[in-house]
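Trainee: To start, I am sharing the structure in question, which I have written as structure tokens.
The values are calculated or read from the model by the stated rules, or taken from the named source; none is laboratory data. Computed from a predicted structure; not experimentally measured. With ideal geometry, Cβ positions are generated from the backbone for all residues, glycine too; neighbour counts draw on all protein chains shown.
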Amino acid sequence: MRNWTARSTTHTNSRPALKSATELVKSVPGIQQTPAAALVAETGADMGHFPGGGKLASWIGICPGNNESAGKRKSGQTRKGNPWAKRALVECAWSASRKKDSEPKRYYERVQPRLKHKRALVATAHLMTLKVYQALSTGQPYSR
């Protein structure tokens, strides 16, 4: 993955539209240069392909599954989706869950007792995906 992220960083820095999209993604707490470049390289700068943030999360494979039958909740595994974007987001969620005074940290701490560590990280990555979509679709940096 290291060579791939180096290439995606070079690729996004060589194009002005992708560079500005990378800066917008970096405005979300917990996302730094390399994962931002990887996300923009995978999803593109134009969010017109996705009608909403939930659709982007579904495409990445970071949304929860839902399998219920006769009132019993069964496995809620996430979809396969895009493995590179998913890994980058979960790693960023790990980082953001330790960043002081950030929305992802508060969200992680709120859901962690109920979901435990790894599931809470995926839930936090889902929240961050929605924030990335918001920043890229509006063209405004994330602000809380």
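Trainee: What pairs come out if I take residues in region 113-131 that are without any contact (Cβ under 8 Å) to a residue 24 or more places away in the chain and pair them with residues that are assigned to a helix (DSSP H, G or I) and small (Gly, Ala, Ser) whose C-beta lies under 7 Å away, six or more apart or interchain?
Mentor: Sorted first by the residue in region 113-131, then by its partner, the pairs are Leu115/Ala123.
Trainee: Does Gly44 qualify as being closer than 17 Å to Leu136 by Cα, surrounded by fewer than 17 Cβ atoms within 10 Å (Cβ to Cβ) and under 14 Å from the mean Cα position of the chain (by Cα)? Break it down into steps so the answer makes sense when it comes.
Mentor: Numbers: closer than 17 Å to Leu136 by Cα: yes; surrounded by fewer than 17 Cβ atoms within 10 Å (Cβ to Cβ): yes; under 14 Å from the mean Cα position of the chain (by Cα): yes.
So Gly44 passes the test.
Trainee: Specify the residue that is surrounded by the fewest Cβ atoms within 10 Å (Cβ to Cβ); the eligible residues are those in region 76-131 that are touching a helix residue (DSSP H, G or I) at 6+ places or on another chain (Cβ under 8 Å) and part of a loop (DSSP other than H, G, I, E, B).
Mentor: Across region 76-131, the extreme among qualifying residues is Arg98.
Trainee: Related question: Mind checking which residues of region 42-75 are of a type outside the set (Gly, Ala, Ser) and in contact with a helix residue (DSSP H, G or I) (Cβ under 6 Å, 6 or more places away or on another chain)?
Mentor: Of region 42-75, the ones of a type outside the set (Gly, Ala, Ser) are 42-43, 46-47, 49-51, 55-56, 59-60, 62-64, 66-68, 72-74.
Glu42, Met47, Phe50, Leu56, Ile60, Ile62, Cys63 - these are the residues of region 42-75 that are of a type outside the set (Gly, Ala, Ser) and in contact with a helix residue (DSSP H, G or I) (Cβ under 6 Å, 6 or more places away or on another chain).
Trainee: What do you reckon, is Val111 under 22 Å from Ser27 (Cβ atoms) and not aromatic (Phe, Trp, Tyr)? Spell out how you get there, then give the answer.
Mentor: Details: under 22 Å from Ser27 (Cβ atoms): no; not aromatic (Phe, Trp, Tyr): yes.
For Val111, the condition - under 22 Å from Ser27 (Cβ atoms) and not aromatic (Phe, Trp, Tyr) - is not met.
Trainee: For Ser58, all conditions in the list (1) out of contact with any Lys or Arg (no Cβ under 8 Å at 6 or more places or on another chain); (2) surrounded by fewer than 19 Cβ atoms within 10 Å (Cβ to Cβ) hold save one; what is the number of the exception?
Mentor: Going through the list (1) out of contact with any Lys or Arg (no Cβ under 8 Å at 6 or more places or on another chain); (2) surrounded by fewer than 19 Cβ atoms within 10 Å (Cβ to Cβ), Ser58 breaks only (1).
Trainee: Further question on the same structure: Just for region 1-39: of the residues that are aliphatic (A, V, I, L, M) and surrounded by fewer than 19 Cβ atoms within 10 Å (Cβ to Cβ), which one is modelled with the highest pLDDT?
Mentor: Per the stated criteria, the residue is Leu18.
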